[in-house]
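A quick write-up on the structure given underneath.
The values are calculated or read from the model by the stated rules, or taken from the named source; none is laboratory data. Keep in mind that this is a model prediction, so the values were computed, not measured. Positions of Cβ are generated from backbone atoms using ideal geometry, with glycine treated the same way; all protein chains shown enter the neighbour counts.
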Amino acid sequence: MKKDIAALLPEELEEELLRLGQPKFRAKQIFAWLGKGVRDFGEMSNLPRDLRDKLAEEFHLYRPKVLSKQVSRIDGTIKYLWELWDGNAVETVVMSYQHGNTVCVSSQVGCRQGCAFCASTIGGLVRNLTPSEILDEVLFSQLDSGKTISNIVLMGIGEPLDNFDNVMRFLELVNHPQGMNIGMRHISLSTCGITERFGDLADRDLQLTLSVSLHAPDDETRSKIMPANRGRGVELLMDSCRNYFERTGRRISFEYAMIDGVNDTEYHARLLAKRAKQVSAHVNLIPLNHVEERQFQPSTQGHMKAFIKILQDEGVNVTVRRRLGSDVDASCGQLRRKIQKQGEAREGN
Ligand code: SAH
């Protein structure tokens with residue numbers, strides 16, 4: 001099988017070129033072409049023709065295709081559905097804020113975590129994304145939209161810590177000074193709580209923000225809506241968060257989707273406040289996005305207000321996330337799911 005050239009760092013590319021009997025400086029040229037979105041060795045016009053042919057024999061290159069692109073009329077949020085080389089599809093969302101443009105990338109095709117409120121996990125996990133496929137989500141979103149990406153959130157389809165090595169390599173690539181050069185402080189990685197990996201992540205000593213999708217502060221509620229909690233539990237999650245914070249000095253944020261009648265009572269608010277203070281976490285509240293296949297509904301405005309007040313009175317640092325792109329299916333897995341369903345409907349006809 002041919003190697004994936006877009007997953008190599010410049011220093012590794014140099015080694016490959018030395019192996020092919022080429023001077024090192026070619027590596028820089030190739031890395032620059034790849035960074036411009038060139039996905040055809042024939043277009044790398046400053047390389048000798050025989051080298052271009054040789055590269056095409058040794059390496060494969062693929063350019064993701066735009067299967068669909070939706071632009072929100074409300075806030076300009078752009079949602080892409082990309083077709084990968086094997087026909088699978090993943091979503092990427094570009095959101096514009098005052099402080100810059102944020103891209104929300106997928107890390108897997110599908111997901112095996114089974115969260116009860118989430119659309120991404122409905123068909124299970126199909127496969128991991130490769131490092132270059134994740135990088136391409138950022139690169140081609142920027143090139144297609146013309147918006148310079150300054151922030152990345154790993155909050156699209158998939159569980160990043162379930163695809164650990166590829167996600168780590170993606171981070172190295174996107175952070176590289178000769179590449180997109182996006183600083184780790186501008187990157188957030190979101191997890192449903194794969195605690196076994198928190199230590200490995202802390203070992204990397206990255207300056208990124210770790211977001212934990214908590215969604216419930218007690219085992220009874222959390223295990224009901226998040227199978228990842230079963231066999232791990234909230235106490236272990238809190239210990240892992242505290243360890244991570246102590247080792248890295250980086251404050252964790254808790255994601256909390258407010259679900260009507262499920263996790264939005266006074267009891268939940270008080271326990272959440274305690275948990276957040278235990279590990280010095282910031283709390284990010286979001287009203288649940290209703291997913292057609294799921295029975296859950298977002299909390300009422302009144303319940304959200306009361307919930308926020310309890311957290312604030314307890315001195316917890318809390319923000320409510322603005323919903324962007326509500327008219328373009330811009331939440332986890334909704335667009336991919338919609339296209340899947342259209343396919344299912346066609347097959348059924
Ligand atoms: N697997 C990772 C990252 C992907 S999901 C994780 O679990 O964190 C990004 C965030 O969106 C997570 O916090 C996830 O729980 C949340 N989410 C999923 N479905 C949602 C929905 N219908 N409404 C609101 N948030 C949702």
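Yes/no matrix, rows are residues, columns are (1) crowded, with 18+ Cβ neighbours inside 10 Å; (2) within 16 Å of the ligand (Cβ to nearest atom):
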position: ARG63; (1), (2): no, no
position: VAL71; (1), (2): no, no
position: GLY76; (1), (2): no, no
position: ASP86; (1), (2): no, no
position: CYS111; (1), (2): yes, yes
position: THR130; (1), (2): yes, no
position: ILE134; (1), (2): yes, yes
position: ILE152; (1), (2): yes, yes
Taking GLY114 as the residue in question, decide whether it is small (Gly, Ala, Ser) and closer than 21 Å to PHE198 by Cβ. yes
Does MET180 fit the bill of being more than 13 Å from the ligand (Cβ to nearest atom) and out of contact with any Leu (no Cβ under 6 Å at 6 or more places or on another chain)? yes
Total residues in region 183-199, condition within 16 Å of the ligand (Cβ to nearest atom) and more than 18 Å from ASN229 (Cα to Cα): 3
Can you find a residue in region 81-102 that is outside any loop (DSSP other than H, G, I, E, B), in contact with a Gly (Cβ under 9 Å, 6 or more places away or on another chain) and acidic (Asp, Glu)? yes
Test: GLY76 is closer than 24 Å to SER150 by Cα and not in a strand (DSSP E or B): yes
Any idea which of LYS54, LYS79 is of a type outside the set (S, T, N, Q), free of Cβ contacts under 8 Å to residues at least 60 places away in the same chain and not assigned by TED's automatic domain parsing to the domain that holds SER213? LYS54
Please enumerate the residues belonging to region 108-126 that are under 17 Å from LEU161 (Cβ atoms), in contact (Cβ under 8 Å) with a residue 40 or more places away in the chain and in contact with a strand residue (DSSP E or B) (Cβ under 8 Å, 6 or more places away or on another chain). GLN108, VAL109, GLY110, CYS111, ARG112, CYS115, SER120, THR121
